[in-house]
1. In a solvent-free Debye calculation with one equal scatterer on each Cα, what is log10 I(q)/I(0) for segment A:297-342 at q = 0.23, 0.25, 0.27, 0.33 Å⁻¹, listed in the order of the q values?
2. For chains A and B, what's the summed buried accessible area, probe 1.4 Å, to the nearest 100 square angstrom?
3. Accessible area, 1.4 Å probe, largest first: how do A:60, A:375 sort?
4. Would you mind calculating the relative contact order of chain A from Cα pairs under 8 angstrom and at least 6 residues apart, reporting the percent as a whole number?
5. How many percent of DSSP beta bridges within the protein assembly as shown run antiparallel, rounded to 5?
6. Kindly write out, for segment A:552-560 in residue order, the coupling ³J(HN,Hα) from the Karplus curve 6.51 cos²θ - 1.76 cosθ + 1.60 (θ = phi - 60°), rounded to whole Hz, with x marking Gly and Pro.
7. Among A:98, A:556, A:425, which residue has its Cα positioned farthest towards the positive end of the charge dipole of the protein assembly as shown, with +1 placed on the Cβ of Lys and Arg, -1 on the Cβ of Asp and Glu, and the dipole taken about the Cα centre?
8. How would you order B:110-122, B:48-60 from highest to lowest mean count of nearby Cβ atoms within 10 Å?
Amino acid sequence: MALATRPMSSAAHAGAEPRAGGRIMCEALVHEGVRVLFGYPGGAIMPFYDALYACPELQHVLVRHEQGATHAADGFARATGQVGVCVGTSGPGATNMVTGLANAYMDSVPMVAITGQVARPALGKDSFQETDVIGVTMGVTKHNILVEHAADLGPAIHEAFAIARTGRPGPVLIDVPKDVQFELADYEPASVDMPRSFPSDTEIERDLRRAAQMLDTASSPIILAGHGVLLSRGWDALRTLAERTGIPVTTTLLGLSAFPESHPLSLGMPGMHGHASANHAIDEADVIFAVGMRFDDRVTGKVTEFAPRAQIIHVDIETAELEKVVPTAQPIHGDARDIMERLGRLVRPNRHDTWLDRIQGWERPTEPLQDGLTHPAQLFAAIKRIAGSDATLVTDVGQNQMWAAQLYGYDHPNTHITSGGLGTMGFALPAAMGVQIGRPDRQVWVIAGDGGIQMNIQELQTVADLGLELKVVIVNNGYLGMVRQWQSFFHGGRYSATPISSPNYLLLARAYGHAGVKVDRVSELDEALQWAVRTPGTAIVDVAVDQERNVYPMIPSGQSVRSMIQDPE
Amino acid sequence: MTHPALTVHFADRTGSADRILSLLRRRGFPLGGITLERTHEPGIRRMTVGVSQESAIPQVRRHLSRLPDVVSVQVADGEAMHREYAMARVRCTPEQRAEIVSLLGAFGGRPLSFGADTVVLEATGFAQQLDALFAALQVYGIEESARTSPIALRQEEPHEDSPRGTVSERD
Ligand SMILES: Cc1ncc(C[n+]2csc(CCOP(=O)(O)OP(=O)(O)O)c2C)c(N)n1
Ligand SMILES: [Mg+2]
């Protein structure tokens, strides 16, 4: 019965005897608590895959394109707060991962990417499938490591995880030559702690007391919360701080869902396509408490006209972000949650009723909706009604993304996941795979345009392999809508290369073993979404929307709230 | 002109110098010269990064401190010594040798070897000194020259300065 014995847990072997590099990689991943990795094999990573074959602790998800692996790892990390892991081979495998690394880097997502590399003697000789991945990914990773000896593999992997998750999270790439994966070495699991340097407690106390005083004496303050609140799991601290001080909260695109949008203090999203009231509030605010956000140009518009009256308190875990874009009255270097918890104990209870009334006045009444094609507002209201209250929306890029950000109303922490900093079309579907694997008990919706869904559509087969239950909504306008919108505003309406055709998504869904439905008129919408929720497995809902509808409001790039374009309807 | 500079200690690992240089290039910082140095400590290298705009120093410093390879970043300000090293092959007839040797002496340089009608020389000094030396040598005819950017070193160990944790001290 020897065959029936499961391979002994590789972790149990740790430290026993010299073993192959590939095996060390598996053991080190297990030691880091990894359960799932997303990847695609090839020549230079085969010894690792061979070791993986005998490592039952690690579930490998075979994607259909390495970009899919990176976004899936990214989605997994955002959903769980753990480090996402993806694997690929040298050369084309590694270059296919570059976009996903850049995406994770821009959005501060903890990720470890492992790539195979040609064997050491072949390095630097333009060998088959050799790419200087260290060079190529230098600008899109938090750190990268070429491992030159099997004995260094364990420490390199543990260091990579520590770097990926410490401070401001980010992606780390480990490049492992094939012969290093074969080489024998000893391995002892080790935990690496990244040294951190924070200001002393007295400095922080002084900063916090100043900040508290600024907030206590402000007459038109706002809180501007970003991704850092979600990354630090600081949503409760944010809510406590806001409710105690009575200060309204606006959340950046990546901060959405950090504060319940149904809360009376919620102002929604600021910035280029943000809510008018949020932008006006920033414009008139006398104190801004900016936490875990980086004053991206999509938020600030013209920097010199951004928040002209405000004294800014800026909390960030990354000192390089402090005073990078805007002058700050009080920079605070620290973890968003920790700082908000401490500040929440220092501020005095307060209300800002007149200020809130004034902000209310900037809100435009929502337009009456007509029957016919689905209006984005109707679409997201319907999804909100029909999806579970803890459903997560994973959104792609373009108009669909902005509507999903403006119109849904996120009430539960970390239920909005999108590609913010890089704006990567093709993100949503593969990312949603990772989100659902990370949170198997929660409903996961994919929101994508007819352009973006076609960019990583191959992952529908991975979804089928895994039996995932994604509810995929395609916002189908027949255009690369966001680019068309810019052409309409700034290029004389010359729609150069923006009309885009689509396959028949119902047949496509079926080809992949999923279900599909098309929504031509808004009257069919609710039923279609309900059907999608009822349908076991993955369902695609192809929703026709007005082809030339624009996203409003819009502050043109590099301008201020005074140039805000409102919906002419 | 001598720029204010940052001195960066970093682990000598594959790509660590590249990572520093690529960060500096990517962020578009206003830089002066950059010199790559060895140190007495095994596994630790050093870089002197001239920053041509004093106001940019905090940002450059914070960004460098983020790199996992970087052990420390210190400001080499007014109290620091800045020195460059130069070599040159200069036209020099046998009759001019004595003259050039005394010129070199005045500028902190010395001859290394004489050819039939050239001299190979070396010199160290701060930037203006070497500028002056090269201007003087121009008269004889410089055939080839090489000059490092400054390396900088402080008299005092920098005290525990951690303006908002901008320096990440790792050991
Ligand atoms: C990979 C990639 N290529 C190009 C772009 C530029 N881009 C931004 S939005 C957009 C249009 C997206 O069209 P679609 O997916 O149909 O969404 P819509 O705006 O119509 O909702 C394009 C092409 C991008 N963000 N990412
Ligand atoms: Mg479209």
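The values are calculated or read from the model by the stated rules, or taken from the named source; none is laboratory data. Remember, predicted model here, so these are calculated numbers, not experimental data. Because the Cβ atoms are built from the backbone with ideal geometry, glycine has one as well, and the counts that use them run over all protein chains shown. Note: areas computed on protein heavy atoms with side chains; ligands, DNA, RNA excluded. Shrake-Rupley method; radii C 1.70, N 1.55, O 1.52, S 1.80 Å.
1. Taking Cα atoms of segment A:297-342 as identical point scatterers yields -0.86, -0.95, -1.03, -1.18.
2. Numbers: alone 22290 and 9670 Å², together 29970 Å².
Looking at A and B, the buried total is near 2000 Å².
3. Values: A:60 55, A:375 15 Å².
Heavy-atom accessible area, descending, gives A:60, A:375.
4. Working: 1302 pairs, mean separation 76.4, N = 569.
Taking the mean separation of contacting Cα pairs over the length of chain A, I get 13 percent.
5. Taking every DSSP beta bridge within the protein assembly as shown, about 40 percent pair in antiparallel fashion.
6. Per-residue couplings from phi come out as 10, x, 9, 9, x, 3, x, 10, 10 Hz.
7. The one lying farthest along the dipole's positive direction is A:556.
8. Working: B:110-122: 14.5, B:48-60: 18.4.
Order by mean packing, descending: B:48-60, B:110-122.
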